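S.K.: Pasting a structure here, questions to come.
Since every read-out is calculated from the coordinates, none of them should be taken as a lab result. Remember, predicted model here, so these are calculated numbers, not experimental data. Cβ placement follows ideal geometry from the backbone for every residue including glycine, while neighbour counts extend to all protein chains displayed.
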Amino acid sequence: MNKKMTSLILIAALVAPGTGCWADDTNATGNNNNPVEHPVNAYTNHEVKEDIKDSQENSQKAAEAKAAHKQAKADYEKSLKDNGADSQVTKDAKKRMHEKHKEWRKYNKKTAKANQETKEDEIKAHQ
């Protein structure tokens, strides 16, 4: 019984100091985000967060632009049916439809770029 108690106390004495070092200040990207100790990690993590934020904003704008394009296309088709292809109203509707399509593509490109930058920054963060 005495050996068991001694070995238990010995194990507890050896394990206790090690558990204090077990936890660290890592974040979701797996590295330390303390800007004083690791400024590069903190900056990289900040870039990842900003890229994700940009991606979400551009994705929302792209969805809105897609809805606007869909409405403009419906208006153009209605005008084409009602007024004919040579009507000024139809030409204006076609122009609006193309502008909305350009806007939609622009935000899709920005979203794709932000997603690519996020991937690149996450790779940097894990190195």
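S.K.: Between Glu50 and His126, what FRET efficiency comes out of the Förster formula 1/(1 + (r/R0)^6) with R0 = 22 Å and r the beta carbon distance, rounded to 0.05?
M.R.: FRET efficiency, His126 to Glu50: 0.80.
S.K.: I want to make sure I understand the PRE zone here: with the label point 7 angstrom from the Cα of Gln71 toward its beta carbon, which residues in region 96-112 have backbone N atoms less than 20 Å away?
M.R.: Residues 96-108 fall inside that zone.
S.K.: Checking the cross-link filter: which lysines have an alpha carbon closer than 24 Å to that of Lys110, excluding same-chain neighbours under 8 positions apart?
M.R.: Lys49, Lys53, Lys61, Lys66, Lys70, Lys73, Lys95, Lys100, Lys102, Lys119, Lys124
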